[in-house]
Amino acid sequence: MAIAALIVAAGRGTRADAAGPLPKQYAMLGGRPVLAHVLARFAADPAITAIQTVIHPDDRALYDQASAGVCGPLLPPVAGGASRQASVLAGLEALARHNTPSKVLIHDAARPFVGSDCVGRVITALDHHTSAISAIAIADTLKRTGAGGIVESTVDRAGLWQAQTPQGFGFQEILDAHRKADAKGLHSFTDDAAIAEWAGLEVALVMGSADNFKITTPEDMARAERMMAALPSETRVGSGFDVHRFTPGNHVWLCGVRIAHTHALEGHSDADVALHALTDALLGAIGDGDIGQHFPPSDPKWKGAASRLFVEDAVRRVAARGGRIVNVDITILAEEPKIGPHRAEMQAAVASLLAISPDRIGIKATTTEQLGFTGRREGIVAMATASVTLPA
Ligand code: MG
């Protein structure tokens, strides 16, 4: 039995994002976009056989970033319409074109704390109902106000519920209901259950969760950050080591900084030995192979490549696991060039690559007292350590 998840991420609301013009589903939460959390939760649910996301046509790059590293049955995203309702219909039509599921769970991209228990309750209820939605009872007393915000009456809250998502439906039933509403020019339904009700489908309620709130305001975003910070995490440490030999030339690259020198470093890429060690330290912290595995020197694509590409890839891999880089520490072993005059620039370059503050970047250098190959000025060694927190 195929159960699809349809994630509605086409909205333009930017109220929640204090940091910039990003729609709230792409705002960073605990080190990755809100949408990435949602996709990861549905992708991890073995009952979900396909995930169809509906996005705004301008957001393809943001979607690609958010979905990078999410392992699961993700279908290519489709563009939404002018309203939430039109976007859901676009997603349903896309699912119908591919392989029609028997059931669909429709979920807001701005509810990143949807629990597997909640998803499970909706799916179970669909065994007996064509529609089942997650909802919570209203705890507060409800007031109706009139002119000037003055209370006119108290509303009896018995039988009143707050509808959440996921909202689950028989696929054909909700597709038909959406098509019918669209054909009749009715476009102001605020959730899919409302369309199901209008179409005469019976809608059952299952217990939702207060944690499954929709991020709408800056206050919601702050609450989401607090919840994310309270989730159990663990700290990982990785180390990296690299050597490159000197070759004729007039500059070396170290930590992304070009330094004039009597020699160059030999290598397939720009031979930035420090960034190579750093890449391996990051990969080591998440147990994800090494730089040579992800960027084989045999591949001509990486000839002369800027080593920042390797670091950026490792940073993406950390982020895809929900990880956060705490600090890194790099030691360069060389008789020359002198590192001191370039330290601040290197620290700033690495901080910008990792998107963390410069005080989390250690740049150290030492000679080897003229001993060994570094002492004989045959090449440069770099060592790096990286500390990463991951969700436990
Ligand atoms: Mg190397």
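The values are calculated or read from the model by the stated rules, or taken from the named source; none is laboratory data. Given the structure is predicted, the values throughout are model-derived calculations rather than measurements. Here the Cβ positions follow ideal geometry from the backbone for every residue, glycine too, while neighbour counts run over all protein chains shown. With ligands, DNA and RNA removed, areas are computed over all heavy atoms of the protein, side chains included. Shrake-Rupley method; radii C 1.70, N 1.55, O 1.52, S 1.80 Å.
Table for the structure above
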read-out	value
Number of positions in the range 222-254 that are free of Cβ contacts under 8 Å to residues at least 60 places away in the same chain and of a type in the set (Phe, Trp, Tyr)	1
Total residues in the range 294-303, condition within 13 Å of the ligand (Cβ to nearest atom) and either in a helix (DSSP H, G or I) or touching a Gly at 6+ places or on another chain (Cβ under 6 Å) (or both)	2
When residues of the range 242-254 are limited to those that are open to solvent by 40 Å² or more (accessible area, probe 1.4 Å) and under 14 Å from Gly304 (Cβ atoms), the one farthest from the ligand (Cβ to nearest atom)	His251
Qualifying positions in the range 316-340 - surrounded by fewer than 19 Cβ atoms within 10 Å (Cβ to Cβ), under 29 Å from Pro391 (Cβ atoms) and β-branched (Val, Ile, Thr)	Val326
Filtered residues of the range 56-71 (kept if open to solvent by 40 Å² or more (accessible area, probe 1.4 Å) and either under 16 Å from Ala4 (Cβ atoms) or small (Gly, Ala, Ser) (or both))	Ala61, Ala68, Gly69
Any chance Ala306 is without any contact (Cβ under 8 Å) to a residue 60 or more places away in the chain, away from the ligand (no atom under 15 Å from the Cβ) and either surrounded by 14 or more Cβ atoms within 10 Å (Cβ to Cβ) or over 14 Å from Ile380 (Cα atoms) (or both)	no
Complete set of residues in the range 90-101 that are open to solvent by 20 Å² or more (accessible area, probe 1.4 Å) and either touching a Leu at 6+ places or on another chain (Cβ under 9 Å) or among the hydrophobic types (A, V, I, L, M, F, W, C) (or both)	Ala90, Glu93, Ala96, His98, Thr100
Failed item, numbered, when Met228 is tested on (1) within 12 Å of the ligand (Cβ to nearest atom); (2) surrounded by fewer than 21 Cβ atoms within 10 Å (Cβ to Cβ)	(1)
Any hit, the range 367-379, residues being surrounded by 16 or more Cβ atoms within 10 Å (Cβ to Cβ) and assigned to a strand (DSSP E or B)	yes
Verdict on Val350 being part of a helix (DSSP H, G or I), of a type in the set (Val, Ile, Thr) and more than 14 Å from the ligand (Cβ to nearest atom)	yes
Residue count, the range 255-278 (criterion: over 19 Å from Arg343 (Cβ atoms) and either free of Cβ contacts under 8 Å to residues at least 40 places away in the same chain or more than 9 Å from the ligand (Cβ to nearest atom) (or both))	8
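Yes or no, residue by residue, for (1) modelled with pLDDT of 95 or more; (2) in a helix (DSSP H, G or I); (3) of a type outside the set (Lys, Arg):
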{"residue": "Gly159", "(1), (2), (3)": "no, no, yes"}
{"residue": "Ala163", "(1), (2), (3)": "yes, no, yes"}
{"residue": "Phe169", "(1), (2), (3)": "yes, no, yes"}
{"residue": "Gln172", "(1), (2), (3)": "yes, yes, yes"}
{"residue": "Asp176", "(1), (2), (3)": "yes, yes, yes"}
{"residue": "Arg179", "(1), (2), (3)": "yes, yes, no"}
{"residue": "Asp182", "(1), (2), (3)": "yes, yes, yes"}
{"residue": "His187", "(1), (2), (3)": "no, no, yes"}
{"residue": "Ile195", "(1), (2), (3)": "yes, yes, yes"}
